[in-house]
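A short write-up of the structure that comes next.
Read-outs: derived from the displayed coordinates by stated rules, not from any lab. Since we're looking at a predicted model, the values are computed, not measured. Every residue, glycine among them, receives a Cβ derived from its backbone with ideal geometry; neighbour counts consider all protein chains shown.
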């Protein structure tokens, strides 16, 4: 997927739903095992802390390191 801002290739990954801060993580990597921390390879997204109710879900998302933007599709 190409970044809509700079046209560079975006990196595929996902946004997990768990006890960590909202973050984008590259495909093949896992969230941190330490609650409330960003994974070493993760990119923290602007967020406000709120306890999450569900575990095990994740949203596919692409990240542009040049623009610092993550894009995730929604279900219609």
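Here r is the Cβ-Cβ distance between residue 5 and residue 58 and R0 is 30 Å; the resulting FRET efficiency, rounded to 0.05, is 0.80. Ranking of 62, 33 by neighbouring Cβ atoms within 10 Å, starting from the fewest: 33, 62.
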